[in-house]
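K.L.:
Please read through the structure below; I'll follow up with questions.
The values are calculated or read from the model by the stated rules, or taken from the named source; none is laboratory data. Note that the structure is a prediction, hence the values are computed from the model and not measured. Backbone-built Cβ (ideal geometry, glycine too); neighbour counts: all protein chains shown. Remember, those area values only see protein heavy atoms, side chains included, never the ligands or the DNA or RNA. Shrake-Rupley method; radii C 1.70, N 1.55, O 1.52, S 1.80 Å.
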Amino acid sequence: ASPAFAPDVEIALVAAPDEVQLRPGARTRVWRFTGSVIKGEASSVQAVPNSYLGPTLRFMRGQKVRIRFRNNLTEPSIVHWHGLDVPESADGHPRFAVPPGAEYVYEFEVINRAGTYWYHPHAHGSTGKQVYQGLAGMLIVTDDEERALALPTDTEDLVCVLQDRTFDSGNQFAYLAGGMMDQMHGLLGATMLVNGQERASFELATRAYRFRVLNGSSSRVYKLAWDDGTPMTVVGADGGLLARPLQQPFITLAPSQRVDVILDLSNHAVGTSVQLRSAPFAASEVSIDEGGMMGGRMGGMGGMAGAAPPNGASLLLMTVKVSRQEQSAFRLPAQLSSYGPGWAEQAGAPVRSISLDFRAGQWLLGGRAFDMMGVAADEMVRADSTHIWEVKNAGGMMGQQMAHPLHVHGTQFRVLSRTRPTGASTPLQSVRAGLVDDGWRDTVLVLPNDTVRLQLRFTKFPGLYLYHCHILEHEDAGMMRNFKVIA
Ligand code: C2O
Ligand code: CU
Ligand code: CU
C-alpha cells in the first residue's frame, strides 16, 4: 500500500475454499471471495445470500478505493475489475498473479460511469477454472447523474448472475466435464444457476425493479426474454446507462456482458409470476463446424447422462413471483444519460483490422496467440487516443466458426457498425436481432461472418492491458493479447 494514497474506501477481499449448500445432499466445495470493510461505508460490501458468489461491491464515482486481496487458494491468482478504467498496477494482468498465502494491494479512483461491472480472477491458464469454482462478484458504481433519475434502488435494485454448471453425482462442480469439446467450443454446463441457485426465484412486490444481469458463464450465450411477452426494457449496458431506455422482445447476452433491465410489476396481480428464460435459437447461429473438425457438438450430446444443453436450448433461468401489493409511483424516465466525451464519431482515427480465426488447432486473435509480455507494433497505442478496430470473424480453414465475445480492458468502446458479407451462409439471425450494440460496451459479440467496427478511446494510464475472447476456455488457451498504452 502506498502512504500517499488516501482511500475513501478500504476493503479486504479474500479468495479461499469454502462449502455451500447448493442442492439437497452433499454440500458443494467451492472457491469464493469474501469481503469486509476496513474503512468507509458498511454498504460498500454486500454479501450475496445462499451463494458462492463474492460480495457485491458498491462504489460512488470519484471514490478512492484500496482493496487488499489475499490469495488463500492452493494456486496463484489475481483479481481483475472487469469494465473499470484503472492504472496498470490495478488491472489484474496475469503477470501480477500472487502465490497462495500472498496479498496484492489495489489502489484506484473510480472514474467509470455509474453502471454494472464485475470482478473475477485472471491468472493465466486458470481463469476458466477459478471462475467456475465460484470466484466472481458484482461491482456497482453509482453517481449523481444516475441518482437524480429515481431508478429503483436498495431492495428494488437486484443482481442476477447467470452461470451454468455441471454437478457430478456427489454435488461437486465438474469443470470441463465435456473434455476436449469444452476446450474447443467453450464450456457449457448442464444446470442453470442464478446467483448460485438452481431454479432461482424472487418474491417481489407490485413495483418496479432493476435487474442487473451479468452473463457470468464460460461460453453460453443467452437470448433473454420474459415468458409472458413483457418486452425487455433495457436501461444500461456494460459501461452504464443508455441515453434512452430501449425495448425489445429479447436480448442477446454474451459471456461477460451486462444488461440492466427494468421490470415494472405494478400491473401484475399478486399471486402471478413471470419467468426469465433463454429463448430457443439455432446453435448454428453461434457455432458453425462444416468440416466436423471441432467434434460436432451441434448434433446434441446424444442423450449422455448429465449432458449440457447446447447453446440455443430453451432454458428456465429464474422466476419472479408477485407476492405482495405495494404502491408504486415509478415512471420510466425518457432520458437516462449522456454518453459524454469520446462518443462522437471521430473522423480520421487510425483503423486496425483484427481477425478472429482458428488455425492449427488454436483460436487466434489477429493471427497471434497470447504471450505474457509480448506486444506487436500494431498493439501500441497512445494514452487517451482514439482508434477504430475492425474485428472480423472470418472463420477457420475447415469452416469452423464461432461467435466470440471480444473484451477490451481499461476502456469502454462504442460499436459503430456490424456488417456481414452479402450472401453469407450463416442461417441467421435471431441472436443477432437481440444484440444490444448501443451504449458503452467493454465486450462485443462477434458472430460468425460478422465484421464489427469499434471506436475505442484508450485509457489515460500507460502500461500493458489485455484484450481477449471472453469464452474463458478460449482466453485460457491463448485467444488473448496485450496492447501497450504509451504515455
Ligand atoms: Cu472479464 Cu480480461 O476479463
Ligand atoms: Cu476485463
Ligand atoms: Cu472465443
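K.L.:
Rounded, prolate or oblate: which fits region 172-257, taking a ≥ b ≥ c as square roots of the Cα gyration tensor eigenvalues, rounded meaning a/c under 1.5, else prolate when a/b beats b/c?
P.N.:
prolate
K.L.:
Continuing with this model, one more query. Quickly work out the GLN275-to-ASP384 label distance, labels modelled 7 Å from Cα along the C-beta direction, and quote it in nm with one decimal.
P.N.:
Here the answer is 5.2 nm between the modelled labels.
K.L.:
What relative contact order, as a whole-number percentage, does region 106-171 give when Cα pairs under 8 Å and 6 or more residues apart are counted?
P.N.:
Details: 40 pairs, mean separation 21.5, N = 66.
Relative contact order here is 33 percent.
K.L.:
Cα-based count: Lys pairs in the chain below 25 Å, eight or more positions apart or different chains?
P.N.:
Here the count comes out as 8.
K.L.:
Tell me whether region 4-111 comes out rounded, prolate or oblate; compute the Cα gyration tensor, take square roots of the eigenvalues as a ≥ b ≥ c, and use a/c under 1.5 as the rounded threshold.
P.N.:
Because a/c hits 1.5 or more and a/b fails to exceed b/c, region 4-111 counts as oblate.
K.L.:
With a cut-off of 17 Å, note down the residues of region 437-465 whose backbone N falls inside the zone around a label point 7 Å from the Cα of GLU345 toward its beta carbon.
P.N.:
So the set is 437-440, 451-457.
K.L.:
Ok, one more. What number, in percent, do you get for the relative contact order of region 163-212 if the mean sequence gap of Cα pairs under 8 Å and at least 6 apart is divided by its residue count? Provide the component values of the computation, followed by the final result.
P.N.:
Details: 44 pairs, mean separation 17.1, N = 50.
Normalised by residue count, the contact order of region 163-212 is 34 percent.
K.L.:
Still on this structure: Take the alpha-carbon centre of region 221-244, take the same for region 5-37, and report the distance between them in whole Å.
P.N.:
Computed from Cα coordinates, the inter-centre distance equals 29 Å.
K.L.:
Another question, if that's okay. For the chain, what does the alpha-carbon gyration tensor say about shape, rounded, prolate or oblate, given a ≥ b ≥ c as the root eigenvalues, a/c under 1.5 as rounded, and a/b over b/c as prolate?
P.N.:
Since a/c stays below 1.5, the shape of the chain is classed as rounded.
K.L.:
Could you work out how far the C-alpha centroid of region 312-384 sits from that of region 462-487, in angstrom?
P.N.:
Between the Cα centres of region 312-384 and region 462-487 lies a distance of 14 Å.
K.L.:
How large is the accessible surface of GLU88 in square angstrom, using a 1.4 angstrom probe and rounding to the nearest 10?
P.N.:
50 Å²
K.L.:
Normalised by the residues of the chain, what does the relative contact order come to in percent, with Cα pairs under 8 Å and at least six apart?
P.N.:
In percent, rounded to a whole number, it is 15.
K.L.:
Roughly what % of DSSP beta bridges within the chain run antiparallel, to the nearest 5?
P.N.:
75 percent
K.L.:
Take the alpha-carbon centre of region 98-174, take the same for region 49-71, and report the distance between them in whole Å.
P.N.:
About 8 Å separates the Cα centre of region 98-174 from the one of region 49-71.
K.L.:
What is the sum of charges, Lys and Arg at +1 and Asp and Glu at -1, for the other residues whose Cβ falls under 14 Å from the Cβ of ARG23?
P.N.:
+1
K.L.:
Give me the percent of accessible area attributable to carbon and sulfur for the chain, probe 1.4 angstrom.
P.N.:
Carbon and sulfur atoms account for 51 percent of the accessible area of the chain.
K.L.:
Just the number please: accessible area per residue for the chain, 1.4 Å probe, all protein chains included, in Å². Please report the intermediate quantities before stating the final value.
P.N.:
Values: 17620 Å² over 487 residues.
For the chain, the solvent-accessible area averages 36 Å² per residue.
K.L.:
How much length, in nm to one decimal, is gained on full extension between ALA174 and ASP228, taken as 0.36 nm per residue of separation minus their Cα-Cα distance?
P.N.:
Length difference between fully extended and current span is 16.0 nm.
K.L.:
A follow-up question, please. Please work out how much accessible surface SER2 shows to a 1.4 Å probe, ignoring ligands, DNA and RNA, in Å² rounded to 10.
P.N.:
SER2 exposes around 40 Å² with every protein chain in place.
K.L.:
While we're looking at this one, here's another question. Work out the FRET efficiency for ARG324 and ALA1 from their Cβ-Cβ distance, taking R0 = 51 Å, and round it to the nearest 0.05.
P.N.:
Using R0 = 51 Å, I get an efficiency of 0.65.
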